[in-house]
1. What is the local net charge at Arg343, summed over the other residues whose Cβ is closer than 13 Å to its Cβ (Lys, Arg +1; Asp, Glu -1)?
2. Treat the count of other C-beta atoms within 10 Å as a stand-in for reagent exposure and order Cys383, Cys280 from fewest to most.
3. Through the Karplus equation 6.51 cos²θ - 1.76 cosθ + 1.60, θ set to phi - 60°, convert the phi angles of the stretch 49-60 into ³J(HN,Hα) values in whole Hz; use x for Gly and Pro.
4. Obtain the nm distance between the two label points defined at Gln170 and Leu13 by a simple spin-label model: each point lies 7 Å from its Cα along the Cα-to-C-beta direction.
5. Within the set of other residues whose C-beta is less than 10 Å from the C-beta of Cys280, count the net charge using Lys and Arg as +1 and Asp and Glu as -1.
6. In nm, to one decimal, how far is the Lys47 label point from the Ser287 one, both placed 7 Å along Cα→Cβ?
7. Could you run the Karplus curve 6.51 cos²θ - 1.76 cosθ + 1.60 with θ = phi - 60° over the stretch 184-192 and give me ³J(HN,Hα) per residue in whole Hz, x for Gly and Pro?
8. Take the alpha carbon atoms of the stretch 25-47, find their center, do the same for the stretch 261-278, and report the distance between the two centers in whole angstrom.
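Laboratory data are not the source of any read-out in this text; all were calculated from the coordinates shown. As the structure is a prediction and not an experimental result, all values here were calculated from the model. Counting neighbours? That spans all protein chains shown, and the Cβs are built from the backbone with ideal geometry, glycine included.
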Amino acid sequence: MKAEIISVGTELLLGEIDDTNASYISRRLAAVGLDVYYRHTVGDNLKRLVQVLSGARRRASVIVLCGGLGPTPDDLTREALAELTGRPLQTVPEAEMRLHRFFAERGRTPTPSNFKQCQVPRGGELLDNPVGTAPGVWLQHEQNLYIAVPGPPPEMREMIDSQVLPRLRQMLKKNGTLWTRTLRLSGLGESQVADLLADLLAAQDNPTIALYASPGEVRVRLATKAPDEIAAQQVFAPVEQELRKRLGPAVYGVDDETMEVAVGQALLAAGATLAVAESCTGGLIASRITDVPGASRYFVAGYVTYSNQAKQDVLGVPADLLREKGAVSAECAEAMARGARQRSGADYAAAVTGIAGPGGGTPEKPVGLVYMAVADAQGVEVCRQLWPASREQFKQRVSQTVLDMIRRRIIGG
């Protein structure tokens, strides 16, 4: 079956908000076997929204709208569905009661405009929103299924995962569900992975194999249609075993497992602790590590030493080293890692120092230059890289790479 996603909101057209919702919905629809053929963005305009919907119903069986379900006059998704289908809006009493309870629990009183959110085109259903005030819409009309979900990402994700996907799975069960298994890699480029897997990629049938690259990471995705997860895993198992054999320690996680999760798992398995010292990443590495619940079991300390004086005072980097070699040097990265390990008492310590740009570079030390170090009881490993990019991209790639250095140092990879 074909699906189409329509993102609603003038703020999306103006570029004030990045449309991460559409990407999330695309991934989740693919997970249940729905192929997304089209994605559109339309502003808060009733006429244009109806025009887009009119085209969508000729192209796709399932149409998912995101946004435009709020209480204000420019929230027009319900009105557009009513006009398109010729089904007038009707108020759902149970939704009104829920709205009263929602506001009462927070010591507030709903305004009259809030109650437009309790309306649905005749014959449709409201989807409960446990984290907000805007219910979703589930409407079957002629040959099309229309699904509308709220725009705020937490509300959208909750509704898609807990209500929309279970219904779609049941509806599509006879066709088989699309199941995926993704291996996440670090330390290898996309072309290297393609060479290592060339024969498997050429002969792929079931499961299919696809490569996706992003800064500091390559993903190998397996996909198959199967009646249930057990049957899908039986298809994946022999192929995944061969992939892991060829790719070795480059495989750090599966599906949604992040690098920071992999580092935490390695530290827990080793019964070890970690500290980090950061300059050019400004605390991003420590932030990623502590994004993982339970990080207090292995993360000891994070030091953001941006200035040379801070490197001396906090980490004990010698002043003469900074004068002779500079803050962006292998020697400084090593001294930072040793200092972080000594001061924190952690088993492992990592350090980064570099030039994020866009200014500050020289012919000898250009923008994008970074030194990363990992220290443990056996010594210090230092890595030099050059990644000219935006500050955000640079920091993200440095954090990903140093986390992988930590992981490999722990597991002996």
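1. Value of the local net charge: +2.
2. Cys383, Cys280
3. After applying 6.51 cos²θ - 1.76 cosθ + 1.60, I find 5, 5, 4, 5, 5, 4, x, 5, 5, 8, 9, 9 Hz.
4. Result: 3.7 nm between the two label points.
5. So the surrounding residues net to +1.
6. The two pseudo-label positions are separated by 4.4 nm.
7. For the stretch 184-192, the Karplus curve yields 9, 10, 9, x, 10, x, 4, 5, 5 Hz.
8. 39
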